[in-house]
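The values are calculated or read from the model by the stated rules, or taken from the named source; none is laboratory data. Since we're looking at a predicted model, the values are computed, not measured. Here Cβ is always computed from backbone atoms with ideal geometry, including for glycine, and neighbour counts include all displayed protein chains. Surface accessibility is based on the protein's heavy atoms, side chains included, excluding ligands, DNA and RNA. Shrake-Rupley method; radii C 1.70, N 1.55, O 1.52, S 1.80 Å.
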Amino acid sequence: MNSKLVIGTANFGQSYGISRHKTKLSFQTMKKILSYANRHGIKSLDTAISYGNTEKILGKFNLKNYKIFTKLPKLPKNCSNINQWVLKNITNSIKRFKTKKISGIFLHHAEDLLGRNKKDLYDSLQKAKEKGLVEKIGVSIYNFKTLEKILKEFKFDIVQVPFNIFDRRLEHFKYLKKIKEKKIKIYIRSIFLKGILLLGTEKIPKNFFKWNPLFKLWNSWLARNKISNLNACINYVFNFKEVDKIIIGVSNLQQIKEIFNAVQNKTKLFPKNLFSNDQNLINPIKWKIK
């Protein structure tokens, strides 16, 4: 079960999270997390070029036993040589990781594949794969309509999508089936909705007060069923065999231990009808947190 997990590194080189709960990890904390994860069967890391100096920090560890997945940033406007831009970014990441290749590269801004340079961008990703610089190519999305448009035109190996108790689009709109029919591996992220699902009602930032009824339902369900919010979140995403990898972000060693314990839990209890389709809640890009 642990082999399904991937360590997310968004807070390794930058502050990450919501409001006052943002965290940036110390080098010692990172070392403890990676060491513990490795001993317990986690061999994959998820990062991005845009995550501050995270790639450089990761290169300070011995990554030869890890599968590393990173993301290209948004394609610059008026990029004169897209192939050169793609290859340069990938080779620079490889140098920072001190590895020979990358297991997977995602486009962080999938909408670039809907623009006028879409074919050149896709062909450049394919060339990087043919050169042996990357094993798999894919897209990371927030908008499933964007994903549908892209997959009608291009073939990818992997996709990275949000999936959690509140955001069940992957399940409710049959995207699990649609993606799997194309023989694409599904990597899910945001299983704690950027940490907000792990907060008690009294700790929810004021910007989220309009959704208080939903948060109260969530916390009352947890209390009634005597289960932790972390356990319920883990139980939900592990309920879907179509999901190939589950990206987890942690702030300390205790959290990763709690996640491992939840994964081993056999009850698999989670709320069946508690979710939202409100983009202002389930899409962190739309959050306006002061």
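Using a 1.4 angstrom probe on heavy atoms only, work out the carbon and sulfur share of the accessible area of the chain in %.
Working: 6990 of 14120 Å².
Here carbon and sulfur together make up 49 percent of the probe-accessible area.
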Exercise. Given LEU72, ALA37, GLN279, which one lies farthest toward the positive end of the charge dipole of the chain, if we put +1 on the Cβ of every Lys and Arg and -1 on the Cβ of every Asp and Glu?
Worked result: ALA37
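What is the dipole size for the chain, taken about its Cα centre, with +1 at each Lys and Arg Cβ and -1 at each Asp and Glu Cβ, in debye to the nearest 20? Before the final figure, lay out the partial values.
Details: 58 positive and 19 negative charges, 63 e Å.
With Lys and Arg at +1 and Asp and Glu at -1, about 300 debye.
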Problem set entry | Anchor LYS24: aspartates and glutamates whose Cα lies under 19 Å away (excluding residues fewer than 8 positions away in-chain) | ASP46, GLU55
Problem set entry | Ellipticity estimate at 222 nm from DSSP helix runs (n ≥ 4, -39,500 (n - 2.57)) divided over the chain, nearest 500 | -10500 deg cm²/dmol
Problem set entry | Hits among aspartates and glutamates - C-alpha to C-alpha of LYS131 under 14 Å, sequence gap 8 or more where chains match | ASP123
Exercise. If you place +1 on the Cβ of every Lys and Arg and -1 on the Cβ of every Asp and Glu, how big does the dipole about the Cα centre of the range 117-267 come out, in debye to the nearest 20?
Worked result: 320 debye
Exercise. Are any of the pairs LYS98/LYS288; LYS43/LYS118; LYS74/LYS183; LYS182/LYS288; LYS31/LYS206 more than 29 Å apart by Cα-Cα distance, and if so, which?
Worked result: LYS98/LYS288; LYS43/LYS118; LYS182/LYS288; LYS31/LYS206
Seminar exercise, completed: To the nearest 0.05, the calculated FRET efficiency linking LYS257 and ASN283 through their beta-carbon distance, R0 being 35 Å, is 0.70
Exercise. For the range 108-217, max minus min Cα coordinate along each principal axis, in Å, sorted largest first?
Worked result: 52, 26, 25
For this session: Would you list which aspartates and glutamates come within 12 Å of LYS185, measuring only between C-alpha atoms, while excluding same-chain residues fewer than 8 positions from it?
Result: ASP157, GLU242, ASP244
Exercise. Hey, what's the range 53-120 come to in accessible area per residue, 1.4 Å probe, Å²?
Worked result: 55 Å²
Exercise. According to a simple spin-label model (label point 7 Å from Cα along Cα-to-Cβ), what is the distance in nm between PHE173 and LYS64?
Worked result: 4.5 nm
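Which of the peptides 195-206, 224-235 is most tightly packed, and how do the rest follow, going by the mean number of other Cβ atoms within 10 Å of each residue? Show your work: numbers first, answer last.
Numbers: 195-206: 15.3, 224-235: 17.3.
Taking the mean over residues of other Cβ atoms within 10 Å, the ranking is 224-235, 195-206.
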Problem set entry | Greater than 19 Å apart at Cα, pairs in LYS145/LYS272; LYS119/LYS149; LYS241/LYS266 | LYS145/LYS272
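For the chain, what relative contact order do you get, as a whole percent, if you take Cα pairs closer than 8 Å and at least 6 residues apart?
In percent, rounded to a whole number, it is 19.
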Exercise. How far is helix 212-225 tilted off the main Cα axis of the chain, in degrees rounded to 10, range 0 to 90?
Worked result: 70 degrees
Exercise. Which of the listed residues, PHE208, GLN264, PHE166, is farthest toward the dipole's positive end in the range 160-290, when Lys, Arg count +1 and Asp, Glu count -1 at the beta-carbon?
Worked result: PHE166
Problem set entry | Extended-chain gain in nm, criterion 0.36 nm per residue less alpha-carbon gap, TYR36 and LYS119 | 25.7 nm
For this session: Please report, in Å, the Rg and the Dmax of the range 128-185, where both are computed over Cα atoms only.
Result: 12.4, 40
Exercise. Projected onto the charge dipole of the chain (+1 at Lys/Arg Cβ, -1 at Asp/Glu Cβ, origin at the Cα centre), which of LEU176, TYR187, ILE150 gives the Cα projection farthest towards the positive end?
Worked result: TYR187
Exercise. Measuring from label point to label point, each 7 Å out along Cα→Cβ, what is the ALA223 to LYS95 span in nm?
Worked result: 5.6 nm
